[in-house]
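What follows is a single structure, written as structure tokens, with notes after it.
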Amino acid sequence: DAMVCGHCGARLLLDTSQTMPDPKQSLTGRVIGGNFKVEAFMGAGGMGAVFRARQLSLDREVAVKILLAPLAMDREMLERFQREARAASNIGHPGIVQVIEMGYLQEGPPFMVMELLQGEDLRTKLSREGALPAHLAVPLMLQTCDALQAAHEKGIVHRDMKPDNIFLVYRAGAVPTIKILDFGLSKIKSADRKLTNTGTLLGTPNYMAPEQVRGSEDVDHRADIYAAGIILYEMLTGRIDYDGPSVQSVLVAIMTQDPPPPRAVR
């Protein structure tokens, strides 16, 4: 039942599948990390669950993201979770979601405390409204590029830019403020070891640059710029420039075809 190695002090991977109950029930009302009282379940994503909590020391609302079993037993998923926290906190840009703290529950899984955002992601907005007016799409993309440049200057490449990872914080009478989310697949130049082997696809197919499709290990900041272009295309036309009935058809199109000019669509 040890949580760290007695020889080197490294954090151990725990089998939490039997010991950790449903987080929606078990975490509400609990204080984690000695300072964050969980108030409500907000939703679940591909890597874990998100809760609204209160930071007791400052009496403010925050979001708590928890990596759940069985992912908490997967060393690569743990590395991605930790990498997300490190990347977001190291960039220090208002367009990147702020990470306040990271720790571990007593049951074993890690948690991450972030600023609580009010609004919606760009995917939700595009699904509801379709193509956006240029006077809204362009400022949103300029904000996104500014935040990405800050990441790139720190040697951090996101590698999974897509509308789902651009959050819109609404302000009365003003263009929404963007926050880039989910640096779990990010590539950090100073990392001591690679997250995955060469040849592994990282990212969401429709937004991948050709070098990502090839599985190249030399993916750099240009992949994020490429994805930003695809997102801008989608914002202005209401469609993805590379789409198809299967993942394979999308990947082939990225490698072999040019997308229709935006004016041919709108």
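The values are calculated or read from the model by the stated rules, or taken from the named source; none is laboratory data. Please read these numbers as outputs of a predicted model, since none were measured by experiment. Reconstructed Cβ throughout: ideal geometry from the backbone, glycine too, with neighbour counts over all protein chains shown. Side chains included, ligands, DNA and RNA excluded: accessible areas come from the protein's heavy atoms. Shrake-Rupley method; radii C 1.70, N 1.55, O 1.52, S 1.80 Å.
For region 51-103, what D do you get in µm² per second when you plug the Kirkwood radius from alpha-carbon pairs into Stokes-Einstein at 25 °C and 0.890 mPa s? Result for D is 197 µm²/s.
Binning the alpha carbon pair distances of region 82-179 at 10 angstrom intervals from zero yields the distribution 14, 43, 30, 11, 2, expressed in whole percent. Of the accessible area of region 208-266, computed with a 1.4 Å probe over protein heavy atoms only, carbon and sulfur atoms account for 53 percent. As a fraction of the 1.4 Å probe accessible area of region 72-158, surface on carbon and sulfur atoms comes out at 49 percent. Using the Karplus relation 6.51 cos²θ - 1.76 cosθ + 1.60 with θ = phi - 60°, the per-residue 3J(HN,Hα) values for region 251-261 come to 5, 5, 4, 4, 7, 10, 10, 9, x, x, x Hz, with x marking Gly and Pro. Using heavy atoms of the protein chains and a probe of 1.4 Å, the accessible area assigned to VAL265 is about 50 Å². Using the Cβ-Cβ distance between VAL169 and ALA264 with R0 set to 22 Å, the FRET efficiency works out to roughly 0.10. Rounded to whole numbers, the Karplus 3J(HN,Hα) couplings from phi for region 147-164 are 5, 5, 4, 4, 5, 5, 5, 8, x, 10, 10, 5, 6, 9, 6, 6, x, 5 Hz, using 6.51 cos²θ - 1.76 cosθ + 1.60 with θ = phi - 60°, and x at Gly and Pro. Taking all protein chains into account, the per residue accessible area for region 202-266 stands at 52 Å² (1.4 Å probe). Full extension of the segment from ASP220 to GLN257, taken as 0.36 nm per residue of separation minus the current Cα-Cα distance, would add 11.1 nm. Which of the three applies to region 42-141, rounded, prolate or oblate, going by the alpha-carbon gyration tensor with a ≥ b ≥ c and a/c under 1.5 meaning rounded? Prolate.
Label point of ARG52 set 7 angstrom out along Cα-Cβ; within region 159-179, amide nitrogens under 16 Å from it belong to 170. Looking at region 30-145, the accessible area is 44 square angstrom per residue; that uses a 1.4 Å probe and ignores ligands, DNA and RNA. Rolling a 1.4 Å probe over the protein heavy atoms leaves ARG86 with an accessible area of roughly 100 Å².
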